[in-house]
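The values are calculated or read from the model by the stated rules, or taken from the named source; none is laboratory data. Predicted model only: the values in this text are computed from it and were never measured. Using ideal geometry, Cβ is built from the backbone for each residue, glycine included, and neighbour counts are taken over all protein chains shown.
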Amino acid sequence: MFTSKVYRLSPVFIQNVLLSSRAFIRKKLRENKECEQLTKELIAHDYDSEALKQYQSKTLKKVLTEAQRNIAFYQRFADDINTFPYIDKAEVNSNKDKFLSPNKSGVVIKGSTSGTTGAPLSIPQNMQSVITEQAFINRMMHWAGIEHNDKRAWLRGDMIVPQEQKKGPFWRYSYFENMILLSSFHLAQKNLDGYLNAMQNYGVQAIQAYPSSIVTLAKHLESNDTYYQGTLKSIITSSESLSKEDKALVERRFKCTVFDWYGLFERVAAIASCEHGRYHIMTDYSHVELTPAGKTENGRDRAEIVGTNFNNSLYPLIRYKTGDHVLLSDETSCPCGRVFPIIDSIEGRVGDYLVGEDGQNIHILNHIPKGVQGLLATQFVQKADFSIDILVVVDDGVFNIEQQNKLMLNTKEKLGHSIKVSVKKVDAIQRTKNGKIKQAIREF
Ligand SMILES: [Zn+2]
């Protein structure tokens, strides 16, 4: 809708009405009695390991049985999940129709993965899947202490303000949801105070944001040595990776807890952080296997997330390799008391890496900007000769030549001193069409 001509050419007031009506219809379709009931059932799993285990094994069994019965790709496999092969995006893409169930009743909703690695994958869902997904989102909101009518800010990838519009306001309102929606595409330094004021003036109680967007605002607050002026219950982040350092920064500057959610459109895994900062694997959302993927520089165990979705009978994916890595935790229980297994952190996309001077792949780029003052957003672009342009959005008052040298030195320390590094200031980092920021781009 946001890219339609009618929306783009309407005055702000009409855009608010259009956006609110769309939200109202979506809300009515998703948040029905069934969703409410399921949300309650899911919340009941939080502290009850027996109930969780039963739900888990019952659902997995059902998924495998139905897949064998209905899905061409899975007809030759037995009951035990270990007999099923690992699959990945490329495999699904080349066998698209073989994963589709013939039992198509009701509305079919198509969505697509963002395609940060490889070709995007188009996945159909039925209404049941959408409602179930909503129930899991509701539980996350419950964890974050957000209640039904709380005023929320939405700072994610929706193109609510056309890209070519250079003058504010860069936000719109959804009346029935008590929500202010802010554009992730206009976060230039000169606009940032306006964003903060808009949320404060609206009296926002919780924020749902892309990490790259909320981190930009937190860094702006930090470089001005100030804090968010409103009172927030919590912030929920999702859809991009969020480093521990950035999470702590947002919590400090916005004076509330960040609940970070990892999920993907394939719906094969969901991992959520709680109020104690531990990441819990939602074992009632999907069946997750963590397969060994080597060790970190510090000798910690790394694993790849491999998942089997529970909530898409129209397009079941079994033992799907996500290409996303986590670090394992030694902890077996969390002070929050919830019974879901714990991991230490999500390392994010394997695709987000640069190549060092010896040809080694450097995955963790979050540490490079550490300690550099005045940086609002960063992106690394590596050319065919391995040289690197660091695109930066900066606070001009703080980011001086000393900071620039520090950033270049940090980069060289990670990648090798023979690699040519330059820093280029930009107004905004280019976002993908979903509004996300890629941490690293390799032009080879
Ligand atoms: Zn916890």
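Does region 298-308 include one or more residues that are in contact (Cβ under 8 Å) with a residue 12 or more places away in the chain, assigned to a strand (DSSP E or B) and within 16 Å of the ligand (Cβ to nearest atom)?
No, region 298-308 contains no residue that is in contact (Cβ under 8 Å) with a residue 12 or more places away in the chain, assigned to a strand (DSSP E or B) and within 16 Å of the ligand (Cβ to nearest atom).
Would a scan of region 252-270 turn up a residue that is crowded, with 22+ Cβ neighbours inside 10 Å, small (Gly, Ala, Ser) and not in a helix (DSSP H, G or I)?
Yes, region 252-270 contains at least one residue that is crowded, with 22+ Cβ neighbours inside 10 Å, small (Gly, Ala, Ser) and not in a helix (DSSP H, G or I).
Within region 73-90, count every residue that is at pLDDT below 95 and either touching a strand residue (DSSP E or B) at 6+ places or on another chain (Cβ under 6 Å) or more than 17 Å from residue 321 (Cα to Cα) (or both).
7
Kindly check whether there is at least one residue in region 351-372 that is part of a strand (DSSP E or B) and modelled with pLDDT of 85 or more.
yes
What about residue 437, is it within 25 Å of residue 162 (Cβ to Cβ) and surrounded by 15 or more Cβ atoms within 10 Å (Cβ to Cβ)?
For residue 437, the condition - within 25 Å of residue 162 (Cβ to Cβ) and surrounded by 15 or more Cβ atoms within 10 Å (Cβ to Cβ) - is met.
Being in contact (Cβ under 8 Å) with a residue 60 or more places away in the chain, more than 18 Å from residue 187 (Cα to Cα) and basic (Lys, Arg) is true for just one of 412, 370. Which residue is that?
That would be 370, the only listed residue that is in contact (Cβ under 8 Å) with a residue 60 or more places away in the chain, more than 18 Å from residue 187 (Cα to Cα) and basic (Lys, Arg).
In region 271-295, which residues are within 16 Å of the ligand (Cβ to nearest atom), of a type in the set (S, T, N, Q) and over 18 Å from the mean Cα position of the chain (by Cα)?
Matches in region 271-295: 283 only.
Going residue by residue through region 335-343, is there one that turns out to be within 16 Å of the ligand (Cβ to nearest atom), surrounded by 15 or more Cβ atoms within 10 Å (Cβ to Cβ), among the aromatic types (Phe, Trp, Tyr) and assigned by TED's automatic domain parsing to the domain that holds residue 78?
Yes; the residues of region 335-343 include at least one that is within 16 Å of the ligand (Cβ to nearest atom), surrounded by 15 or more Cβ atoms within 10 Å (Cβ to Cβ), among the aromatic types (Phe, Trp, Tyr) and assigned by TED's automatic domain parsing to the domain that holds residue 78.
Quick one: how many residues across region 272-296 are closer than 19 Å to residue 243 by Cα and in contact (Cβ under 8 Å) with a residue 12 or more places away in the chain?
Of the residues in that region, 11 qualify.
Do any residues in region 330-342 that are among the basic types (Lys, Arg) have Cβ atoms under 7 Å from those of residues that are more than 7 Å from the ligand (Cβ to nearest atom), where the two are at least six apart or on different chains, and which pairs are they?
What qualifies is 338/46; 338/47.
Got a sec? Which of 424, 414 is surrounded by 12 or more Cβ atoms within 10 Å (Cβ to Cβ) and either part of a loop (DSSP other than H, G, I, E, B) or not polar (S, T, N, Q) (or both)?
Exactly one residue qualifies, and that residue is 414.
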